[in-house]
Each structure stands twice: as structure tokens, then as C-alpha cells.
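First comes the structure, then the notes that go with it.
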Amino acid sequence: MEYILYEQKGEYAILTINREKALNALNSQVLEEISTALDEINSDEVRVLIVTGAGAKAFVAGADIGEMSTLTKAEGEAFGKKGNDVFRRLETLPIPVIAAVNGFALGGGCELAMSCDIRLCSDNAVFGQPEAGLGITPGFGGTQRLARLVGAGMAKQLIYTARNIKAEEALRIGLVNAVYAQEELLPAAEKMASVIAKNAPIAVRNCKKAINDGLEASMDEAIVIEEKLFGDCFETEDQKYGMAFFLDKNKEKVKEPFKNC
Ligand code: CAA
């Protein structure tokens, strides 16, 4: 792959968009390579994925404006579908995905971050959906995910004005979970990945599915989704071990890693 770096570090992996000269802008090739990298994740071993951008300046500065500039109506729709399909795959990946947003996250970059489960960012991060200023709408899910994350009113304000916001404002409106000094961002994401990876993997995956699927359903349907995923956990060795460990009164005992079964 030319534009994606993928590194497995024990129980988590880091996917880096590596097109630094263009501030990691997403052209068709980058999107295809993200998809290929997702195909290659070893789901028996990798329990958390971190997504970040190469360099100190940008996470992803958007979809590639050069590539988009000459698209026809049909080609524009197909390009939107290409991005949406990849981002939806990321959003529904069975394992948790943490976006480590290390700079500009504009347009498709903000949309990529919003397809992840958790967003951490550096203090130089800038978020925004500048599309209306380019004569287009957000095209990789921005109109949908931003409204779901920060509420329709704030999403409409950001999208209609095409105004960029800095890390602190992104934190205030709930677009990101935490802000770190630049050099602390990736270590913080890796630390969080390690903490998540220590919990029972099937339970964590079921939590992701319950939250994601539940948000798309009515409350009556959503609690049934949760009941089934909750019930599934009782067929796992990890549930038996986790509860037996809690109930064991021998406080000297050290908790063993969950077996993922
Ligand atoms: N597409 C293509 N190339 C891009 C790009 C993008 N989205 N963003 C940056 N680049 C390129 C620049 O063209 C430049 O290339 P050259 O060196 O060959 O000229 C290089 O990256 C460095 O960028 P700048 O010189 O512009 O760097 P800067 O520090 O002056 O500005 C910036 C940084 C404010 C992020 C600015 O690059 C910028 O505004 N980029 C575009 C941001 C944007 O509008 N993104 C939304 C795109 S539309 C979209 O994403 C639609 C969708 O929803 C799918």
C-alpha cells in the first residue's frame, strides 16, 4: 500500500493515513487502501484499532479537492458512496476504533474521525466541514454523523457557516472526548487501547454492537438488542472466568488475561 501504514502492536493496531504532502487528503486510492487495511486486520489478535494521520500537521485535510474538481453528477455520487462505504465499514468494525486526531480534521477528515468510536485530539487539532464554501455538501457522512454527535442545531451551524473550530471548542461541544499536548496524543490513545484490550473482548465487541445498533432503533427495539447481546456473553468462558474471579475471596489471586472465547 502506498498511502497507508499498518502496524500491529500486540493487542492493538495503528492505521496511519500516510499522504503527508497533501495533508493526508483522501483520494480514491487512499480510500481503497483503507478498505484493504481493514480486510487485513487479524481479528483473533487485534482488539482495538487506532486511526491517525502522518506528520505533525494533519489528521486528514479532507477528500481530495483536485480529484473532486472535475467530477460529474454521477461520478460525485459514486465518490460519495466510495467514502461512505469505507467509513461505514470502519464504524461497524467489530472492535473499537479510536481516532487520534493529530491536526487538521476537515471535511472528509472530520467525517473519518466521526466514523470512529472515540475521538482524542491534539491541542493543534482543527475540525470543520468546509464543504459549503467549496460548493458541495459534506459527502462522507458528515451531515448525518455530526448531527448525531453534537445535535442538529450545532451541526447545522457548523455545516452552514463552514467555520473551522479548534480543539477546545470541539471538546466543549462533545465532538472529541479529550485534548492532549501533541506529543502526548498517540501515547494516550495507545494507553486507552491497552485498557480496552484488557477487558473481555467478546463483551467489548457486544457493547459496541449494542450501542451502534441500539442508536438506530426505537428504545423498545434497542433494549431487546441489548438483552440478546447481554445473553450471548453468558455462553463465553470469559464471563465464567470474570465472575468467578470476582466471587473468589482469595485476594492474593492475580487476574489472568481474558481468553477471547
Ligand atoms: N485535497 C487535496 N489537496 C489538499 C487538501 C485537500 N483536501 N488539503 C490540503 N491539500 C494539499 C494542498 O493543495 C497543498 O498541496 P501543494 O503543496 O501541492 O500545493 C498541501 O496539501 C499543503 O496544503 P496547504 O499549502 O494548503 O497548507 P496550509 O497550511 O496553507 O493550509 C489547510 C492547511 C487549512 C488544511 C488547507 O490545506 C486547506 O484548507 N485544505 C482544504 C481543506 C478542505 O476544504 N477540506 C474539505 C474538502 S471537501 C470534502 O472533504 C468533501 C467530503 O465531505 C467528502
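The values are calculated or read from the model by the stated rules, or taken from the named source; none is laboratory data. Here the structure is a predicted model, which means the values were calculated and not measured. Because the Cβ atoms are built from the backbone with ideal geometry, glycine has one as well, and the counts that use them run over all protein chains shown. Ligands, DNA and RNA are excluded from the accessible area calculation, which covers all protein heavy atoms including side chains. Shrake-Rupley method; radii C 1.70, N 1.55, O 1.52, S 1.80 Å.
For LEU215 and LYS253, the FRET efficiency from 1/(1 + (r/R0)^6), where r spans their Cβ atoms and R0 equals 51 Å, is about 0.85. ARG89 exposes around 80 Å² of accessible area when a 1.4 Å probe is run over every protein chain in place. Secondary-structure-derived ellipticity at 222 nm for the chain, considering helices only, amounts to -14500 deg cm²/dmol, per-run term -39500 (n - 2.57) for DSSP H runs with n ≥ 4.
Taking the Cβ-Cβ separation of ALA56 and MET243 as r and a Förster radius of 30 Å, what is the calculated FRET efficiency to the nearest 0.05?
On the way: r = 45 Å, r/R0 = 1.51.
According to the calculation, E is roughly 0.10.
In straight-distance terms, cross-link reach from LYS166 covers every one of the aspartates and glutamates whose alpha-carbon lies under 15 Å from its own, apart from those fewer than eight places away in the same chain; here that gives ASP123. Spatially, the range 1-69 and the range 79-137 are offset by 11 Å when compared through their Cα centroids.
Quick check on the range 108-261: take the gyration tensor over C-alpha atoms, sort the square-rooted eigenvalues as a ≥ b ≥ c, and tell me if it's rounded (a/c under 1.5), prolate or oblate. Present the calculation step by step, with values, prior to reporting the outcome.
Numbers: a/c = 3.40, a/b = 1.75, b/c = 1.95.
Because a/c hits 1.5 or more and a/b fails to exceed b/c, the range 108-261 counts as oblate.
How far is helix 201-215 tilted off the main Cα axis of the chain, in degrees rounded to 10, range 0 to 90? Helix 201-215 sits roughly 50 degrees off the main axis of the chain. Among ASN177, ASN250, ASN24, the residue with the largest mean-square fluctuation in a Gaussian network model of the chain, with springs joining Cα atoms closer than 10 Å, is ASN250. The residues of the range 122-223 expose on average 54 square angstrom of accessible surface per residue, using a 1.4 Å probe on protein heavy atoms.
Please report, as a whole percent, how much of the solvent-accessible surface of the range 3-143 comes from carbon and sulfur atoms (probe radius 1.4 Å). Write out the running numbers ahead of the final one.
Working: 2870 of 5430 Å².
The C+S portion of the solvent-accessible surface of the range 3-143 is 53 percent.
Based on Cα atoms of the range 67-147, Rg over Rh with Rh as the Kirkwood radius reads 0.99.
Of all lysines in the structure, the ones whose alpha carbon falls short of 23 Å from that of LYS191, not counting any fewer than 8 places away in one chain, are LYS9, LYS57, LYS208, LYS209, LYS255, LYS259. Counting only protein heavy atoms and using a 1.4 Å probe, the accessible area of GLU131 comes to about 10 Å².
Can you tell me the length gained on complete extension of the stretch GLU183 to THR70, counting 0.36 nm per residue apart and subtracting the Cα distance?
Details: separation 113, 0.36 × 113 = 40.68 nm, distance 3.85 nm.
The GLU183-THR70 span can extend by a further 36.8 nm.
Calculation over all alpha carbon pairs of the chain in 10 angstrom steps from 0 returns a P(r) of 7, 28, 34, 20, 8, 2, 0 percent.
Cα-based values for the range 1-126, radius of gyration first and Dmax second, are 13.8, 45 Å.
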